[in-house]
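What follows is calculated from the coordinates using simple rules that are stated; it is not laboratory data. If you're wondering where the values come from, they're calculated on a predicted model, not measured in any experiment. Glycine also receives a Cβ, built like all others from the backbone with ideal geometry; neighbour counts cover every protein chain displayed.
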Amino acid sequence: MKYFITIVVFAVVGLIGLIAFSDSTPATNANQQTKTSIQSIKSDIETGAKLVDVRTPEEYAAGHIDGSINLPLQDIQAGSVNNLPKDKNIYVYCRSGSRSAQASAKLKAEGFSNITDLGAMSEVQSLGGKIIK
């Protein structure tokens, strides 16, 4: 009986250790996103990609990320996306991340497959993006 309890204790401790180890191991699957740098975005822009600010024209005029174009969310929702290439990367941002998420979803529904939602303008700044007026 003592021998059986010892085996059970070791098995439980081993199982707990295995679970703890597997939870602390970082995921390496293909869906894991890597952080995009402004340098890689600018390099993509040189080959036809677009950095899209989906805020209003007034917000855009007050300050936007260098290299971006303005395509307001309401225009995207109305289907005015003819100037965007479907076969190139499209990077989308806004003030807080809400409109960029909506724009990304709409663009994907319109058949754009290379959409990256950068979220808030402050996130793009943290990637190295510079605000210009």
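Here are the numbers:
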{"item": "Proportion of all alpha-carbon pairs of the stretch 38-132 beyond 20 Å (%)", "result": "25"}
{"item": "Gained length - Ala105 relative to Gln77, 0.36 nm times residue gap less alpha-carbon distance", "result": "9.1 nm"}
{"item": "Computed label-point distance, nm, for sites Asp66 and Ser122 using a 7 Å Cα→Cβ extension", "result": "2.2"}
{"item": "Karplus-derived HN-Hα couplings along the stretch 84-94 (A = 6.51, B = -1.76, C = 1.60, θ = phi - 60°), whole Hz, x at Gly and Pro", "result": "9, x, 6, 9, 10, 6, 10, 10, 10, 8, 8"}
{"item": "Antiparallel bridge percentage (DSSP; both residues within the stretch 38-132; nearest 5)", "result": "15"}
{"item": "The stretch 38-132: relative contact order in percent, alpha carbon pairs under 8 Å with at least 6 residues between", "result": "32"}
{"item": "Interchain or long-range residues, amide H under 5 Å from Val52's placed H", "result": "Ile69, Tyr91, Val92, Tyr93"}
